[in-house]
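The values are calculated or read from the model by the stated rules, or taken from the named source; none is laboratory data. Computed from a prediction, not measured in an experiment: that's the story for all the values here. Here the Cβ is made from the backbone with ideal geometry for all residues, glycine too, and neighbour counts use every protein chain on show.
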Amino acid sequence: MTVRHVLVLGDADVDLTLFVPDRSGAAAAGGARVVREPLVGSGGTAANTAAALGRLGVPVEFAGAVGDDAFGRRVIADLAAVGVSTRGVRVTDVPTCQVIAMVEPDGERSLVVWPADGGALVDFRPDDLDAALVAGASWLHTTGMCLRHEPVRGAVLAAMAAARAAGVPVSIDLNLRAELWGLDVERRAVIEAAVALADVVLGQGDEELVPLTGLQDVHAAAMALAAGTRTVVARLGAGGAVAVSPDGAFCAVPAFPVDAVNPIGAGDAFNGGFISARVEGRSLPDALRWGNAVAACKVASPGGARDLPSRAAVEALLAHG
C-alpha cells in the first residue's frame, strides 16, 4: 500500500539528563560516591512522534525550527537517521531548545527549559511552512506545546486550517502541561481554537481531557470534546486507551502488559502508532491497538524518548501480546 507522507509540525529539542549524586547512605559514611555521566539525546513531543512514524516505515516530513548550532545539527541528523525528511526544518540564529532533567537518587525529576521561552522552536513562522508539504500530505499532526508563544502558534493554526481546506486529516496532541503553565482564559481560548480545527484530538485522559473540559470523568470529557464532529482519543497509561468517534461511538482497548522501565515519550510513541494505523486504512479500534503496542514497546526499553520500536517489534507484540 502506497501512503503519502505524514507531515508533523512542532517542537524539536535536545534532552539533557543530569543525575544528582547520592549523598546519603554509603556516600555519607565515607563510601564511594557514584557519579553518572549525563545523557544527551534528541527530543520534543512532535519530533518524537515523527521519529516513531519513521521507525514504523511511514513516509514522514518534519517541519519546525532549530538553531544554527551543534544541538540543532544533532536534531536534524537524528531525525534523518530514522527516515524522517527534514526539508521543512527552518534553521535560525536562535539557540536550539534544551530540556534539562535533573534526576534525584529516588527518581524524582526537575525540568528546566532553556531558553525559558523555548528558543528556536518558537521561531517558526507561518511563511516558513511549505504549502506543498501540507497539501500533499496524507495527514497533518501537531502539538499543543507550540500554542504557547508566537510566531509558532500562528504557524500551527495556519497549517491546521490549510490542511482542513485541502482535505487533509488533522490531529493535535493537547500537551497541556497545566501543572507547569496553568490554564488561564487566554490559553484555553487558543487550545479551543486548535481543537476546532482538528479531526482527531489526542491527550492524556485524567491530566488533559478532564481539566480542559471541567468534567468529572474521561468518558464524559471525550464525548464533550468530540462534539459530534471529531474523534477524541484518551491515553490512559497502563489502562490502555479509549476513543469517541464523531458519531458518538465509544471504544476501549486495553494496554499490553509489559514491565515499564522508561515512560518518557510514551504518549508521543502512542501517537506514532495510532497515526500510522489510520493512514494505512485501519479501523479506529485497530489504531488504538497500534498506539498501545508502540507505547508498550517504548516503555519497556531502557533508553530515552527516542528508544522507539521497529515495525517488526510492534507487529510481533500485536500478534502475540
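Descriptive notes on the structure:
- Filter result (more than 19 Å from residue 289 (Cβ to Cβ), touching a residue at least 12 places away in the same chain (Cβ under 8 Å) and not in a loop (DSSP other than H, G, I, E, B)) within the stretch 220-241: 221, 223, 225, 226
- Filter pass, residue 244 being in contact (Cβ under 8 Å) with a residue 40 or more places away in the chain and either touching a Phe, Trp or Tyr at 6+ places or on another chain (Cβ under 9 Å) or on the phi < 0 side of the Ramachandran plot (or both): no
- Among the candidates 281, 239, 205, 248, residue that is more than 20 Å from the chain's Cα centre (by Cα), of a type in the set (Gly, Ala, Ser), surrounded by fewer than 24 Cβ atoms within 10 Å (Cβ to Cβ) and more than 22 Å from residue 55 (Cα to Cα): 248
- Taken over the stretch 91-103, the residue count meeting the criterion of being part of a strand (DSSP E or B) and under 19 Å from residue 304 (Cα atoms) is 6.
- For the residues 155, 221, 198, 194, the requirement of being touching a strand residue (DSSP E or B) at 6+ places or on another chain (Cβ under 9 Å), over 25 Å from residue 131 (Cα atoms) and hydrophobic (A, V, I, L, M, F, W, C) singles out 221.
Residues are listed down the side, and each one gets a yes or a no for (1) at pLDDT 95 or above; (2) more than 18 Å from the chain's Cα centre (by Cα); (3) among the acidic types (Asp, Glu):
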| residue | (1), (2), (3) |
| --- | --- |
| 64 | yes, no, no |
| 72 | yes, yes, no |
| 85 | yes, no, no |
| 100 | no, no, no |
| 105 | no, yes, no |
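- Residue within the stretch 271-289 that is at pLDDT below 95 and β-branched (Val, Ile, Thr) present: no
- Meeting the requirement of 1 or more residues that are farther than 27 Å from residue 78 by Cα, the helices (runs of 4 or more DSSP H) wholly within the stretch 249-321 are 284-299, 311-320.
- Which numbered condition residue 262 misses (of (1) under 19 Å from the mean Cα position of the chain (by Cα); (2) polar (S, T, N, Q); (3) modelled with pLDDT of 95 or more): (3)
- Count - residues of the stretch 104-129 that are in a loop (DSSP other than H, G, I, E, B) and exposed (fewer than 14 other Cβ atoms within 10 Å of the Cβ): 6
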